[in-house]
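A quick write-up on the structure given underneath.
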Amino acid sequence: MDMPTNYKPYPVIEVKFKGSRKEFFLNNDNIYLEAGELVAVEATTGGYDIGHVSITGELVRMQMTKRHVKEADVVKKIYRKATVADVEKWKAAKDMEWETMHKSRKLALDLNLSMKLSDVDYQGDKTKATFYYTAEGRVDFRELIKKMAETFRIRIEMRQIGMRQEASRLGGIGSCGRELCCSTWLTDFKTVSTSAARYQNLSLNTLKLAGQCGKLKCCLNYELDTYMDALKHIPDNVNVLKTEKGDARLQKTDIFKKIMWFSYPREESWVPMPIAKVKEIQQLNREGIIPADLGEMEEDETLTVKALDYENVVGQDSLTRLDDRARSKNQKKNNNNNRNKTQKPATPGGDVKPNNQQRPQGAAPATEKTAGAPDANRPPQGSRPPKQQGNRPPQNQGNKPQQQGPKPPQAGNKPPQEGDRPPREGGNNNRRNRPNRPNPNSQNRNNNNPPQQDTPQ
């Protein structure tokens with residue numbers, strides 16, 4: 001929107017510097033400036049400084065009225081818009097602040113000064129540095145200034161600030177999850193007392209009521225006026241109400257719903273009472289009349305919670321839908337494992353197969369068939385390749401002997417033949433549980449003796 005032809009822009013500009021520091025400057029040359037531009041302004045002790053334009057136009061007049069600053073008090077002026085050389089020099093000065101602060105802290109620690117250096121602010125032309133510190137009392141830092149001037153070769157200015165100003169300069173995230181109010185928009189810090197927490201029925205826990213600066217949170221004052229207006233209707237000195245049933249003591253007060261809860265002696269239940277009823281009983285006690293009991297509170301339609309009559313437009317999915325999906329997947333897996341176990345039951349006293357035969361360890365499960373019936377899928381005797389133990393790959397016979405065929409029977413035991421009876425349950429049938437030991441003579445035995453008849457699987 002174009003301004004009127006006879007409109008003269010307001011000659012004062014507000015400029016923002018590091019750490020939410022804002023000052024007013026005169027725009028005597030009538031330079032067209034917009035919010036966010038870098039400008040070179042006059043410094044207090046000579047030279048120039050670089051800052052960002054924050055407010056222009058009539059808003060500056062309103063801001064000056066809020067801060068109680070008169071136009072006649074504004075003396076410093078704006079030189080020009082920041083050039084490329086000014087910006088490069090300003091960035092080089094900002095890069096030196098971190099190292100300067102750590103060196104100055106070490107110098108203060110060597111002098112045993114009870115102070116905390118929190119921040120350093122270089123001027124735009126690198127001719128002056130302002131050190132911000134916090135301390136409980138007065139600190140004699142004359143020797144510290146001498147050492148810092150010798151080390152950094154610039155002009156030194158020491159400025160003491162409070163805990164709240166330190167938090168506003170450093171910034172951070174509050175317990176609400178948002179950026180600190182003091183570092184974003186709050187400029188004036190009002191006194192916060194514990195009475196503000198008492199009026200709002202907050203627990204006096206210093207860990208919850210204290211902010212990052214260690215003082216009480218500034219947000220305790222935000223809703224204090226609303227609570228103070230609501231407390232005007234709450235009766236005072238109603239800690240005890242006398243009834244024939246006993247003395248009812250005040251337990252809790254809901255300020256905005258205007259309900260007070262009382263409890264009888266030796267009873268755990270609380271009796272809610274509206275404020276009008278409490279005032280009535282309190283007046284009867286003053287007149288010497290003791291009622292039978294507190295009575296019951298009538299249900300108020302304004303206090304009942306109504307069901308929401310809108311539909312969830314985001315979606316009807318539950319928040320635990322992923323948990324249910326993972327739970328169903330695990331349940332399916334367990335059902336499959338249980339089904340496999342029921343198909344292959346293990347009998348006590350040794351593994352007895354349904355086909356009344358033993359199966360070597362690592363071999364494939366055998367299909368059920370009648371004893372003595374030949375296997376149609378089995379190759380002819382004598383041409384069957386050697387079996388492998390488990391899933392281990394075959395090894396060379398030269399490096400390690402390989403056991404072929406079933407384990408030879410021990411002396412005195414007859415090898416199992418087709419049609420034999422199955423071993424009894426509980427008998428000594430633990431061949432599957434025995435460790436597989438390589439037999440170096442198995443190769444020679446297989447070469448000299450004719451191969452025995454394999455047991456069907």
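Summary table below
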read-out: Selection count where residues are open to solvent by 50 Å² or more (accessible area, probe 1.4 Å), closer than 26 Å to GLY46 by Cβ and assigned to a loop (DSSP other than H, G, I, E, B), scope region 113-162; value: 3
read-out: Unique match (being open to solvent by 40 Å² or more (accessible area, probe 1.4 Å) and either in contact with an Asp or Glu (Cβ under 6 Å, 6 or more places away or on another chain) or closer than 22 Å to ARG155 by Cα (or both)) among LEU59, LEU109; value: LEU109
read-out: Contacts under 6 angstrom Cβ, first residue in region 256-271 being within 26 Å of MET228 (Cβ to Cβ), partner assigned to a strand (DSSP E or B) and among the β-branched types (Val, Ile, Thr), 6 or more apart; value: MET260/THR253; PHE262/VAL271
read-out: Criterion: loosely packed, with under 11 Cβ neighbours inside 10 Å and among the hydrophobic types (A, V, I, L, M, F, W, C) - qualifying residue of TRP90, TRP98; value: TRP98
read-out: The one condition in (1) in a loop (DSSP other than H, G, I, E, B); (2) surrounded by 12 or more Cβ atoms within 10 Å (Cβ to Cβ); (3) among the hydroxyl-bearing types (Ser, Thr, Tyr) that SER203 fails to fulfil; value: (2)
read-out: Test: residue in region 9-27 that is of a type outside the set (A, V, I, L, M, F, W, C) and loosely packed, with under 11 Cβ neighbours inside 10 Å; value: no
read-out: Count - residues of region 248-274 that are among the aromatic types (Phe, Trp, Tyr) and either part of a loop (DSSP other than H, G, I, E, B) or exposed (fewer than 14 other Cβ atoms within 10 Å of the Cβ) (or both); value: 2
read-out: Matching option when the condition is of a type outside the set (Ser, Thr, Tyr) and crowded, with 18+ Cβ neighbours inside 10 Å, among ALA82, ALA72; value: ALA82
read-out: Lone qualifier among LYS245, LYS215, LYS277 - being open to solvent by 50 Å² or more (accessible area, probe 1.4 Å) and under 37 Å from the mean Cα position of the chain (by Cα); value: LYS215
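The values are calculated or read from the model by the stated rules, or taken from the named source; none is laboratory data. The structure displayed is predicted, hence computed values, not measured ones. Every residue, glycine as well, gets a Cβ built from its backbone with ideal geometry; the counts of neighbours run over all protein chains shown. Note: accessible area is taken over every heavy atom of the protein model, side chains too, but ligands, DNA and RNA are not part of it. Shrake-Rupley method; radii C 1.70, N 1.55, O 1.52, S 1.80 Å.
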